[in-house]
Amino acid sequence: MSEVKNVPELRFSEFLDAWSLLKVSDVARVYDGTHQTPKYVEQGVPFYSVEHVTANQFSETKYISEEVYEKENQRVRLEKSDILMTRIGSIGKAKYIDWDVRASFYVSLALFKVFDSFDSKFLSQLISSPDFQRELWKRTIHVAFPQKINLGEISHCKIVMPGLKEQQKIADFLSSVDKKIEQLTEKYRLLTQYKKGVMQQIFTQQIRFKDDNGNDYPEWEEKALGQLGEFVRGLSYDSSNVKSSGLLVLRSSNIQKGKLNFYEDTQFVDKNCPENIALLKGDIAVCMANGSKALVGKAGLYDGSYTGELTVGAFCSIYRSKSVLARLLFDHQNYKRALHVLLAGTNINNLKNSDLSKIRFKIPSRDEEQQKVAKFLTEIDHKIDQAWSTLEQTKAFKKGLLQKMFV
């Protein structure tokens, strides 16, 4: 029987040696951050926690005093080329420190100080690989709240490593993919920020369109959502109706980035759909109730592309309007402010159709100007969608590499 070597499926051709089976403790020392929530100050030394690693954002932090920072440095110092990994709550998200860092960090993060004979950038990529993520999952305390993995368990995680030169080549290649992802993420952020600013200027009438003769349109008029369309609550059903096929019922999880996703987290029921709540092209699904207050009120446009029967569940409503501006109004500041007022000071994360119907907006009084506003903002939406699609494709490409370039 031929010997099976520890080698990845996808590999640079100049490398032939088998990879070595090791433990994290053979490659790095692992520490955690301060166990006490520090007293924060207005200015001082940045203090990192899980949210900074998961968001890959380290410019906006809380601060600790110089005195607390120096005390922590006596135990462990965060330095350039170290790795931070989330270990409480969110587990296994890694960040390679590629800047001259002067900061401290919380107990929810693990710090890897990689030995000189190994490449730190490579280890940060390996942490994201499926095999290592499975190692973390096996050693995670899932019954804890929040779930966590202890430092000793991290150190005992098995890893398979190539020689140093191969580590460096893999790390450089994957880092270039990460750079592309960061650039695309920033492009998407800037486009969404631009749309927000332009919408604000259009709906406050700082920007106005002219008619085909170059003349001003009439003054805008104030309308409520209930005047522009109608809300209908979704379908009620119980668990006995849930089937593997039939009527597709969308829920709040299917409302994503202003659109409806009917390919993930789908639920079918064996039930007839009342005609008035069968989703039609141009309808907008709105989350009316959810355990998370942040999700209540989010809305998604239905593009009419689903080929079967489709509706929404009872925790959602359908908004149906002939106005070309309808979908844009759910991104309007008036809508967001109204949601804040409706949900403030209550633990009941539940909206009523009548509440949303009363939200008012100033909109163009002429259909022609409405069409121009909608066309302009839709073109920006298309650019945002393209940026998001390219970003997701690049992330999927990176995910595929992580599956094939590690053992």
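Each value in this text was obtained by applying a stated rule to the coordinates, not by laboratory testing. Keep in mind that this is a model prediction, so the values were computed, not measured. Here the Cβ is made from the backbone with ideal geometry for all residues, glycine too, and neighbour counts use every protein chain on show.
Observations, loosely collected:
- Mean sequence separation of contacting Cα pairs (under 8 Å, at least six apart), scaled by the length of the chain, corresponds to a relative contact order of 17 percent.
- Normalised by the number of residues in the stretch 288-407, the mean separation of alpha-carbon contacts (under 8 Å, six or more apart) gives a relative contact order of 29 percent.
- Extension gain (nm, one decimal) between VAL324 and SER305, 0.36 nm per residue minus Cα-Cα: 5.0 nm
- For GLY313, net neighbour charge (Lys/Arg +1, Asp/Glu -1) across residues whose Cβ lies under 13 Å away: +1
- DSSP bridge analysis restricted to the chain gives an antiparallel fraction near 85%, rounded to the nearest 5.
- Gyration tensor verdict on the stretch 325-407 (Cα atoms; rounded if a/c is under 1.5, prolate if a/b is larger than b/c, oblate otherwise): oblate
- Dipole axis of the chain (+1 Lys, Arg; -1 Asp, Glu on Cβ), positive-most option in TYR217, ILE277, GLY92: ILE277
- Fully extending the segment from GLU42 to ARG29, taken as 0.36 nm per residue of separation minus the present Cα-Cα distance, adds 1.4 nm.
- Remark: spin-label model distance SER389-LYS375 equals 2.2 nm, labels positioned 7 Å along the Cα→Cβ axis.
- Rounded to the nearest 20 debye, the dipole magnitude of the stretch 254-304 is 260 debye, with +1 charges on Lys and Arg beta carbons, -1 on Asp and Glu beta carbons, and the Cα centre as origin.
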